[in-house]
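Notes follow once the structure below has been shown.
Every number in this text was worked out from the coordinates using simple rules, so none of it is lab data. None of these values were measured; they are calculated from a predicted model. Cβ placement follows ideal geometry from the backbone for every residue including glycine, while neighbour counts extend to all protein chains displayed.
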């Protein structure tokens, strides 16, 4: 009797255990079918969004032959394996950095160009290297506007923008007129410092040209130009001062001229050329007193 009673308990326990196993299995199936959002069953889980920056330069696709995921370069069309668990993105990152058709890599490309060199009295043409330098392009643009005396608004005109789109890489950002204005001033400061150092080291004599006039806005301006010959007997003309003045009186103009010469460190004056305005008599008198001290 005791044995039969024990056998009955074991059979009941085994039945309960089987029922529990079935319940757990059913719950597991529901969890697999559940997408995790409010208990919606029967929907597939969304794929993980690609977050790597390499996908800005590659397009992912499935190879119809091998059924493997691959990626195609947007610039050169090269195909690389892109299985997430096998390959990762290291190979694609390496390709982006060395892809010759990637516009971002133009600054790293070295090209050959012809360079003209002066050898005595002859000009020799030789081969040299060239690399794209965005800073050098912007500097050359500012110098072009200075040499050709063009307005700042040239960089905002449609024709110039069209030219840059064709001639320059897409990564080049055309500077605005405000940026060009700041670069003008930087170039001016650079040349001013170089000219000051030249005057200080050479200790040469300079000839001056002075003039004043009044604009349509009733503002009086004075300009001072220095003329000198360097060690190679080349004539130079440099504007030392271009600034507004309060009046045409000779004493005030003379004081301004003397302050300008002190700022440039010029002490040896060979000659001063001016027009026959009566105010220049006072200007010359002030200049003589300053030079003779």
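Tabulated data for the structure shown
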item: Calculated FRET value between residue 153 and residue 85, using beta carbons and R₀ = 41 Å, to 0.05; result: 0.15
item: Theoretical FRET efficiency, 1/(1+(r/R0)^6), r = Cβ-Cβ of residue 161 and residue 281, R0 41 Å, to 0.05; result: 0.15
item: Segment 125-165 residues near the modelled residue 176 label - backbone nitrogen below 17 Å, point 7 Å along Cα→Cβ; result: 152-158, 161
item: Debye equation applied to the C-alpha atoms of segment 53-105, log10 I(q)/I(0) at 0.22 Å⁻¹; result: -0.76
item: Residue list for segment 216-250, given a label point 7 angstrom along the Cα-to-Cβ vector of residue 259 and an amide N cut-off under 20 Å; result: 219-226, 239-250
item: For segment 151-200: span of alpha carbons on each principal axis (Å, largest first); result: 46, 20, 14
item: Dimensionless Rg/Rh of segment 157-293 - Kirkwood Rh, Rg from C-alpha atoms; result: 1.12
item: Computed FRET value (nearest 0.05) for residue 243 with residue 59, which takes r as the C-beta separation and R₀ as 35 Å; result: 0.05
